[in-house]
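The block underneath contains the structure these notes are about, expressed in C-alpha cells.
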Amino acid sequence: MPVTDTPGITEALQHTKKRMSRSVWIILFTGLAPVSLAALAVAAAAPDPASWQLVVLASVAVGLVGALFMSNKLSSTIVKVIEAQSRSEQRLRRLMELSGDWYWRQDKHQVIRRIVYRGRDQTSAATAVELPFVDKTRSEVEDLKLIDKRFNWDTFRQLMNEQLPFDKVEFEYWPKGRTRLIFESTGRPLFSEKGEFEGYTGVSSNVTQKRLNEQLLSLQRFLLQGVLLSAPISELAGSYARGLKNCLCVHADVLVGYRAHSGMESWRVRSSAGDLRIPDEMGEAVWNSPEEYCEPLRGHDRQSLIWLGRMKQNHFAQHWSEQGVTSVWLGMKKSIEPNQPEYWVMVAQRDFEEPLDDDVIRILMAIRLLGLCVERRVFEDELQNVNSHLETRIQQRTAELMRSNSELEAFTYTVSHDLRAPLRAIDGFSSILREDYKDDLPEDAFGLLDRISNNARHMGGLIDGLLDFSRLLRTELTCVEIHLNDMLEKVMDQLDARNRATIELPSLPVVYADPVLLQQVLMNLVDNALKFSAKTSEPRVQVIFEDQPDFWCFSVKDNGAGFDMKYVDKLFNVFERLHHKKDFDGTGVGLAIVKRIIERHGGEIWAKGEVGKGAEIGFSLSKALAAQAAVNSSDGTEK
C-alpha cells in the first residue's frame, strides 16, 4: 500500500534514509575489519606469498557479501516498520479529520501551527482561505469571538497553560464580507517521549446551521410566550425583527411589517436597525405589484402561499446604498379572504448578492409563525372588543331590567291599592242595593247583583294571584333541611284533606329547599287534586316518590276530572284554565306559581292526565342543593 506523500511523512523518510546510509557504512566497516585482520594473520603464517594473497581476497569477498546481505536485510526491515508506522499515522489523521471538519495543532505557546481543513492544508497564507488562523493565537485572530458560556479568553488561556484537555468550546468567526462561522473545538495536550509539553492537537466542527436554527426556535418560543401573555404585538414585532437578524448567516438587517386586515391603509413596520426603513410609497407599490419591483429567488417557488422575491437594484431606496446594502429580498403573505391579517419580512443584506438557502428557509419559518401570532392577536383583539360590547349591552339590559322591575313594583302597588278600592266599592254598593232596596227591585235584579259581587270577588282573587306570582320573581331562596313527611302532614291538616279524600303518603326523604316556597308548591298541588277529584264517588289523592341519581322526583296523583293532553302546554301558564269556572273554582295562577318555584330550585315540572280518569302533576328537586348546603354547613362549623 503506497504512502501518501504528506509533509510529515516525507521528512521522516528522508531522515530515516540518511541514518540507514550511515548504518550501512558502519556495518561494512565492522564486518570487513575482523575478516581482513584474520586473513592477514593466516597469510603471514603461509610460506607461499601467492597463497596468502588468495586467502586475503577470499576473506574480504566473504566479509563483503555478508555485510551487504546483513545491511540489506536490516534496511528492508527498517523501511517496512517505518512504512507501517506512516500508514498507521495517516489512518489516525484521517479518522481525526472525519470526526470534525478540520484538524489543528498548536505549539506550547498556544500559537496554531497547522490546520488541515477537509483534506487541504491551511499552513501557508496562499492556502489559508477558509481558516486564516495559522501562526496566531486564537485571541489574536481578528473577528474571532469566544462565545462559549463556560469560558472567556482569560479562563481559556489559563486552561491551556495548565495543560488540561477541553471539549466542544464554541467560537464564532464572522469577518466583514464573509458568512458566519460558528464552530466547536476539542483539544488534547501533546507530550514528547521525555514527557515534555509540546502543545495541543484537536479537531473542530462547523455547527453554524445548528446554532442558528436553535436561536430561531428560541426566538419563536419568546414570540409565542409574548402572545400568550398578551404583550403588545408592536413590541413583539420589534423584538422579533432584532432576533431574526441574529439568525442569519450574513450581515443584514430585518424589517417586519403587518396590518390587522387587508382593508387597512397603513402598515405597522418594525426594524432591527433604527436607520433602516422603507418609504411608505415604495412599500405600498412593492406590495401591490411585486413582480414589477422584484425578481424571483433562485430555486424557490413563487406560487406558494408566501411570495418570495429579490428587489431589483434600480428600485433601491437611496439611503440603502449609503448604508452598504447590496441585496434586498423579502417574503410576503397576502390575505386570501377579506379582513384577514397580512404581513411581510424584508432582509437587507450586505456584501452578498444572492441570499443563502439556509437563511431563506429560516425566514420562511419566521413568516409563518409571525402570521399565526398576528392572526391570534387580531382574533383576541376582536374578541375583546366583542366582549366589551357585550358587557356594555349587558349593562344596558341590566339597567332596562331594573327599570322593568321598578315599573313592575309600581304596577304591583297600583294593582294592590288602586284596583282593589273600585272592586271593594262595586261589591259594597251591590250589597247595599240588595239590602236597602230589596223591596223595590225585581227578582231578576238580585241575580244580576249576585253576578256583580261574584265577579268582583273573582277579580280580587285574580289580583291576589297576580301579586303572589310577581312576588316570586323578587323573593330570594333560603334553602334549609326539610322533612317532607312533616310538611305534608301540616298541608293535609290545613286543607282537611283526610276528610275530603283517601290520602296515600309514602315515606319521603329529607330535602333542601326554601320551606315557604316548597310548602306553597305542596299546598297548590294537593288543593288541586282535592278540588278536581271532589265530584267522584270515592276521591283519592296519592303522593308518589322516586329517587334518581341527581334528582328527587315527586308527584301528586288524583282520580278526578283529568284533562286532555293536547292542552298540556297551557296548563302552567298564568290565568290559563282547562275547565270552566262553573265546574271548578280557581284563578288559573296556582300551577304557574308551582312551575316558577320549581324552576328557581333548579328542578323541572310535568303533567300527565286523561279526561275523566284523573291527573298527575310531578316535579323534581336537585340533589345539588343538598350537597351545597352540606358544604356551607361544614364551612360554618370550621369557622
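Computed quantities for the displayed model
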quantity: Hits in segment 263-293 (condition: of a type in the set (A, V, I, L, M) and either surrounded by fewer than 16 Cβ atoms within 10 Å (Cβ to Cβ) or in a loop (DSSP other than H, G, I, E, B) (or both)); calculated: Met264, Ala273, Leu276, Ile278, Met282, Ala285
quantity: Number of the condition not met by Ser139 [criteria: (1) closer than 27 Å to Pro355 by Cβ; (2) modelled with pLDDT under 95]; calculated: (1)
quantity: Residue check, Glu198 in contact with a Leu (Cβ under 6 Å, 6 or more places away or on another chain) and open to solvent by 60 Å² or more (accessible area, probe 1.4 Å); calculated: yes
quantity: Residue in segment 358-375 that is modelled with the lowest pLDDT, counting only those that are out of contact with any Leu (no Cβ under 9 Å at 6 or more places or on another chain) and open to solvent by 10 Å² or more (accessible area, probe 1.4 Å); calculated: Glu375
quantity: Within segment 219-246, tally of residues that are closer than 21 Å to Ala273 by Cα and open to solvent by less than 70 Å² (accessible area, probe 1.4 Å); calculated: 14
quantity: Glu172 at pLDDT below 90 and among the acidic types (Asp, Glu); calculated: no
quantity: Criterion: at pLDDT 90 or above and crowded, with 20+ Cβ neighbours inside 10 Å - qualifying residue of Phe563, Phe532, Phe554; calculated: Phe554
quantity: Positions within segment 536-551 being closer than 17 Å to Glu599 by Cα and open to solvent by 90 Å² or more (accessible area, probe 1.4 Å), in sequence order; calculated: Asp550
quantity: Qualifying residue in segment 321-328 (condition: touching a strand residue (DSSP E or B) at 6+ places or on another chain (Cβ under 9 Å), under 29 Å from Gln225 (Cβ atoms) and open to solvent by less than 10 Å² (accessible area, probe 1.4 Å)); calculated: no
quantity: Residue in segment 460-476 that is open to solvent by less than 80 Å² (accessible area, probe 1.4 Å), at pLDDT 85 or above and β-branched (Val, Ile, Thr) present; calculated: no
quantity: Checklist (1) in a loop (DSSP other than H, G, I, E, B); (2) within 22 Å of Ala237 (Cα to Cα); (3) open to solvent by less than 30 Å² (accessible area, probe 1.4 Å) applied to Val345, failing item; calculated: (1)
quantity: Which listed residue, of Leu488, Leu522, is in contact (Cβ under 8 Å) with a residue 40 or more places away in the chain, under 60 Å from the mean Cα position of the chain (by Cα) and not in a strand (DSSP E or B); calculated: Leu488
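The values are calculated or read from the model by the stated rules, or taken from the named source; none is laboratory data. All figures in this text were calculated on a predicted structure; none of them were measured in a lab. Heads up, the Cβs are rebuilt from the backbone with ideal geometry, glycines too, and the neighbour counts pull from every protein chain shown. Please note that ligands, DNA and RNA were not included when accessible areas were found on the heavy atoms of the full protein model with its side chains. Shrake-Rupley method; radii C 1.70, N 1.55, O 1.52, S 1.80 Å.
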